[in-house]
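Working notes, beginning with the structure itself.
The values are calculated or read from the model by the stated rules, or taken from the named source; none is laboratory data. Source: prediction; values computed, not measured. Positions of Cβ are generated from backbone atoms using ideal geometry, with glycine treated the same way; all protein chains shown enter the neighbour counts. These area figures cover heavy atoms from the full protein model, side chains too; ligands, DNA and RNA do not enter into them. Shrake-Rupley method; radii C 1.70, N 1.55, O 1.52, S 1.80 Å.
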Amino acid sequence: MRNLVVGFALLVSISLPATAETCRQALALGLDVSGSVDAKEYRLQLDGLAMALLQKDVQTAFLAQPKPPVTLAIYEWSGPTDQRLLTRWRSIQSAADLEQIAAQLSLTQRLPMDPSTGLGASISYGAALLAQRPDCWQHTLDISGDGISNAGPRPQDVRHLPHVSAITINALVIPPSPTERKSGSDGLVHYFEELVTQGLFSFVEQANGFDAYADAMAQKLLRELSGMVLSWQGSKALQKGPSAPASSHFAGHTQ
């Protein structure tokens, strides 16, 4: 536990952005690249995310309220000590920003990493990234995964940590084979619903394999980005003055 807290403090202290800006939503995407993800599936995942970011309706959702903008960071994860930041925090103020991130993802090559599935550590890492953006109104972590945690702290072991408990966590579940999609997908979805997701209106999106990752990712982005715009508009309608909407407080699942 002490190592988790120290690791969080180090990550925040050494990699804070040079300047912070107000944003309506800080969105961190964590991609599972553990040993159960083969070379083809790795490519389908990164290219699928790139395709989702290029979809017109997704870009419209990102840009629906350009001031203040959404900020986006992307990382990949496997074992408890293996996380790799692919895209540092970037303010999304135009379609060109999303196109540049998509191009970067398309060129990204896989590096050797621990083949185990350190899901709890990946959540802590993503939460530490979000802690770098204290001026954002909402903090959302997206975790993509094709299996349960089998190394390091479990998701339920990190949920009480301050930087984890303060955020919303959604998930995209990818059952890794046709057999598992038929027989075990409900169990995997239930695992993520009970032990990974947290926060008001948090949810699990399911992809029908890595071939369907792009569409599932686009659907998930639309759900969370559109929900944030509606929440923002509702808050503005209730305000009597020009002040910014208050930060939401999200309740985590109980165990």
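Overview of results
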item	result
Condition broken by A64, with the remaining ones in (1) of a type in the set (A, V, I, L, M, F, W, C); (2) under 27 Å from P175 (Cα atoms); (3) assigned to a loop (DSSP other than H, G, I, E, B) satisfied	(2)
Filtered residue count, segment 17-38, keeping only those that are of a type in the set (A, V, I, L, M, F, W, C), at pLDDT below 95 and under 26 Å from R154 (Cα atoms)	1
Search result, residues across segment 115-173 that are open to solvent by less than 10 Å² (accessible area, probe 1.4 Å) and touching a Lys or Arg at 6+ places or on another chain (Cβ under 6 Å)	G120, L172
Which listed residue is open to solvent by 60 Å² or more (accessible area, probe 1.4 Å) and over 20 Å from M217 (Cα atoms), from Q65, Q93, Q100	Q93
Long-range neighbours under 6 Å by Cβ, at least six apart or interchain, first residue over 14 Å from A28 (Cβ atoms) within segment 194-208, second of a type in the set (K, R)	E205/K220
Scope segment 180-200; condition modelled with pLDDT of 90 or more and either closer than 29 Å to A64 by Cα or in contact with a Lys or Arg (Cβ under 9 Å, 6 or more places away or on another chain) (or both); matching residues	E193, L195, V196, T197, Q198, G199
Tabulated pairs, segment 98-111, first under 13 Å from R43 (Cα atoms), second open to solvent by less than 50 Å² (accessible area, probe 1.4 Å) and assigned to a loop (DSSP other than H, G, I, E, B), C-beta under 7 angstrom, 6+ apart or interchain	R110/V33
Residue that is surrounded by the most Cβ atoms within 10 Å (Cβ to Cβ) [pool: residues in segment 35-61 that are of a type in the set (D, E) and part of a helix (DSSP H, G or I)]	E41
Residue count for segment 138-163, restricted to those that are β-branched (V, I, T) and more than 25 Å from F62 (Cβ to Cβ)	2
Residue identified as surrounded by fewer than 24 Cβ atoms within 10 Å (Cβ to Cβ) and at pLDDT below 95 among S177, S106	S177
Selection within segment 78-122 - charged (D, E, K, R) and part of a strand (DSSP E or B)	R84, R88, R90
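Results for (1) in a helix (DSSP H, G or I); (2) under 20 Å from L85 (Cβ atoms); (3) modelled with pLDDT of 95 or more, shown as yes or no for each residue.
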residue: S124; (1), (2), (3): yes, yes, yes
residue: L129; (1), (2), (3): yes, yes, yes
residue: R133; (1), (2), (3): no, yes, yes
residue: L141; (1), (2), (3): no, yes, yes
residue: S149; (1), (2), (3): no, no, yes
residue: G152; (1), (2), (3): no, yes, yes
residue: D157; (1), (2), (3): yes, no, yes
residue: H160; (1), (2), (3): no, no, no
